[in-house]
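Asker: Below are the structure tokens for one structure; questions will follow.
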Amino acid sequence: ASAMAALRIAATEAQQRHTSELERMRRFGAEPLARSLVPVCDNLQALCGSLEGSEVPAALLEGAVLTRESMQAALERHGVERHDPPAGARFDPSLHEAMFTAPLSDGAAPGTVSSVFRPGYTLHGSHILRAAQVGVFVGEAQQQPPPDADAEGEGEAAAAAA
């Protein structure tokens, strides 16, 4: 009887592993195809950007935009999401790839995204197909002196001069 119970347990575990593997293959089996389509999305985006404001017929620009949008929609239907981190977002090495650094500008914090070179893509929100390629602000944040600091400094300088 115990041998039969052990066989049932082993069969159940094997079936669960098989079901789990099938689910993983269903969700992520298209990863190689999705990964290979990411540069196509980049090229379509670049095409649309270069056609905008140029002397090409409007129908050509419209066709390029529709192609880009339909490609993006098809990828989204299969769980591929595009990620454009906003300027000022905290740099996250698990989601972003630093391509260059930029000196701090007004209001920027070190270690934040300065600009996006290429967007990132994920599959089902968890599998990174490509990290977003970004610029990152570096440098030391400017410390604002306390409001009284100037008045105290002037008072000390005047006392030292006397």
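The values are calculated or read from the model by the stated rules, or taken from the named source; none is laboratory data. Just so it is clear, the model here is predicted, and its values are computed rather than measured. All Cβ positions, even for glycine, are placed from backbone atoms using ideal geometry, and neighbour counts span all protein chains on display. We work out accessible area using only protein heavy atoms, side chains counted, and drop any ligands, DNA or RNA first. Shrake-Rupley method; radii C 1.70, N 1.55, O 1.52, S 1.80 Å.
Asker: For the range 23-32, state whether one or more residues are in contact (Cβ under 8 Å) with a residue 40 or more places away in the chain, in a helix (DSSP H, G or I) and under 28 Å from PHE117 (Cα atoms).
Answerer: yes
Asker: Sort out which residues of the range 1-58 are more than 19 Å from GLN72 (Cα to Cα) and of a type in the set (Val, Ile, Thr), and write them in order of number.
Answerer: Hits for the range 1-58 are ILE9, THR12, THR19, VAL56.
Asker: So, one more: Scanning the range 61-90 for residues that are charged (D, E, K, R) and in a strand (DSSP E or B), which turns out surrounded by the fewest Cβ atoms within 10 Å (Cβ to Cβ)? Break it down into steps so the answer makes sense when it comes.
Answerer: First pass over the range 61-90, keeping only residues charged (D, E, K, R): 62, 68-69, 76-77, 81-82, 84, 90.
After this cut, where a residue has to be in a strand (DSSP E or B) as well, the list is 81-82, 90.
Working: GLU81: 15, ARG82: 17, ARG90: 11.
Looking at the filtered set, the residue picked out is ARG90.
Asker: Within the range 62-74, can one find any residue that is free of Cβ contacts under 8 Å to residues at least 12 places away in the same chain and either farther than 20 Å from VAL38 by Cβ or in contact with a strand residue (DSSP E or B) (Cβ under 7 Å, 6 or more places away or on another chain) (or both)?
Answerer: Within the range 62-74, one or more residues are free of Cβ contacts under 8 Å to residues at least 12 places away in the same chain and either farther than 20 Å from VAL38 by Cβ or in contact with a strand residue (DSSP E or B) (Cβ under 7 Å, 6 or more places away or on another chain) (or both).
Asker: Just the residues that are of a type in the set (Asp, Glu) and open to solvent by 70 Å² or more (accessible area, probe 1.4 Å), please, taken from the range 1-43.
Answerer: Correct list: GLU13, GLU21, GLU23.
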